[in-house]
Amino acid sequence: MTTHGTLIICPTPIGNLGDMPPRALDALRAADVVCAEDTRVTGKLLAAFGIEKRLERLDEATISHAAARIVERVLAGERIAYCSDAGMPGVSDPGQRLVDAALDAGAPVEVLPGPTAVATAYVASGFPCPRFYFGGFFPRKAGERSTVLQGLRALDAVALFYESPNRIASALEAVAAELSHRRVAVCRELTKVHEEVVRGRAAEVRGEFARRMEAGGVKGEIVLVIDAPSAEEHEAAGEAAHASAEERAAELRADGSLSTKDIVKALRAEFGISRNEAYEIATRA
C-alpha cells in the first residue's frame, strides 16, 4: 500500500524574523525536502533557525515542467515543503500553480497560515472599506495601467498592488491621472526597521515620491493601496452617467425611427440604468 506524503505550503516572514510561524518551523524541520522560489533566500532563513535541509529551486522558470514531478513525489510518500521568497506562498508567485497541480492530482496539501504583505498593507492603510481587491503586480505599461485603473472606478473596494520602488513614482502618476480624487497609501518595508506608510491624495503622494526619486531613489518592498471610491465619487459618476444617457436619448429621438420603448431598451443596454430611469429620460428627450 502506497503511503501518501504531503505538500506543505510554508509562509515565511515578510521582513521581521520574529514573525516566523512556529508551525511552519515544525513543518520545515519534518520535511524530506524544501522547495524554494530562491534557494539562497530560503537557505539563509533555514540557517537562521538552525535547520539543515536539502533545498530544490522551484521558481517561475521551472514550475511549468517541475510541478508534475513534485506532485508525483508527494504521491509516492515524500513530505515536501514549499517556501516563496517572503510571505504567503501562492500569492503572486509560482506556489499557486504547484497547489493547483497537487489538488488536481489528488495529492494532500496543507496550507499553513502566516505573514502576508497584502493583508498587512490593507490594515496599515487605514482605509475603512470592508472589502479589498488584490491585483498582483501593478502593470508596467501605460496602456495596461490605464485599463486597470479605469476598471477600478466602479469597484467598491480597496485595491492593492505590489510595485517596484523604481516604478512607484510613475505608478502614482498613473493613479493621479485616472483617479485624481482617490486617497492612496504607499506601504514600504512592512515589518522592517524602516517601515513607513505614506498616505494622502494620489497627487500629493505622487509628488512626495517624485521628489524622493530625484533625491536619490526609493528602496524597499512596496504595496500600493488605493482607497475605495467615496460617496461623492459615486454621486459624481452617477450624475455623469445620467447626463450621458440624456444626451444619447436626444440623439436617438432625433433619429426619428425609434419608439420610446426602443430608446428605453437602448439606454438600459448602453448605460446599465434602471427601466424607470431610462423611461423618464426617454420621455423627456
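The values are calculated or read from the model by the stated rules, or taken from the named source; none is laboratory data. Bear in mind the structure is a predicted one, so any value in this text is a computation, not a measurement. Please note: Cβ atoms are built from the backbone with ideal geometry, for glycine as well, and neighbour counts cover all protein chains shown. Quick note on the areas: whole protein, heavy atoms, side chains included, nothing else; ligands and nucleic acids left out. Shrake-Rupley method; radii C 1.70, N 1.55, O 1.52, S 1.80 Å.
Percentage of Cα-Cα pair distances in segment 125-227 greater than 22 Å, rounded to whole percent? Each step should come with its number before you reach the end.
Details: 1089 of 5253 pairs.
Percent of Cα pairs beyond 22 Å in segment 125-227: 21.
Of the residues 230, 118, 65, the one whose Cα sits farthest towards the positive end of the charge dipole of the chain is 65 (charges of +1 on Lys and Arg Cβ, -1 on Asp and Glu Cβ, taken about the Cα centre). Remark: spin-label model distance residue 62-residue 277 equals 5.4 nm, labels positioned 7 Å along the Cα→Cβ axis.
Hey, can you find the accessible area per residue of the chain for me, probe 1.4 Å, expressed in square angstrom? Before the final figure, lay out each step's value.
On the way: 14810 Å² over 285 residues.
Accessible area per residue, the chain: 52 Å².
Provide the net charge surrounding residue 176, with neighbours chosen by a C-beta distance below 11 Å and charges set as Lys +1, Arg +1, Asp -1, Glu -1.
0
Projecting the Cα atoms of 130, 35, 83 onto the charge dipole of segment 26-163 (Cβ charges, centred on the Cα centre) puts 130 farthest toward the positive pole.
Computed over segment 1-62, relative contact order equals 28 percent, with contacts defined as Cα pairs under 8 Å that lie 6+ residues apart. Across the accessible surface of segment 20-73, with the other protein chains kept in place and a 1.4 Å probe, carbon and sulfur atoms take up 52 percent.
Here residue 6 sits with roughly 20 square angstrom of accessible surface, probe radius 1.4 Å. Taking every Cα-Cα distance in the chain and sorting them into 5 Å bins from zero, the calculated P(r) comes out as 1, 5, 10, 12, 12, 11, 10, 10, 8, 6, 5, 4, 3, 2, 1, 0, 0 percent. Simple spin-label estimate for residue 198 and residue 123 gives 2.5 nm between the two label positions (7 Å along the Cα-to-Cβ direction from each Cα).
Given +1 at the Cβ of Lys and Arg, -1 at the Cβ of Asp and Glu and no other charges, the dipole of the chain around its Cα centre is 340 debye to the nearest 20.
The count of lysine pairs in the chain that are at least 8 places apart or cross chains, and whose C-alpha atoms lie under 22 Å apart, stands at 5. Could you give the distance between the Cα centres of segment 73-121 and segment 6-36, to the whole Å? Cα centroid to Cα centroid, the span is 11 Å. Dipole check for segment 62-125: with +1 at the C-beta of Lys and Arg, -1 at the C-beta of Asp and Glu, and the Cα centre as origin, the magnitude is about 60 Debye.
The calculated FRET efficiency for residue 230 paired with residue 17, based on their beta-carbon distance and R0 = 41 Å, is about 0.55.
What relative contact order, as a whole-number percentage, does the chain give when Cα pairs under 8 Å and 6 or more residues apart are counted? Can you show the working numbers first?
Numbers: 481 pairs, mean separation 47.1, N = 285.
Once divided by the residue count of the chain, the mean separation gives 17 percent.
Projecting the Cα atoms of 252, 172, 187 onto the dipole axis of segment 128-285, where Lys and Arg carry +1 and Asp and Glu carry -1 at the beta carbon, places 187 farthest toward the positive end.
Between the beta carbons of residue 146 and residue 262, assuming R0 = 25 Å, the FRET efficiency works out to 0.15 to the nearest 0.05. Rolling a 1.4 angstrom probe over segment 146-285 with all protein chains present gives an accessible area of which 48% lies on carbon and sulfur atoms.
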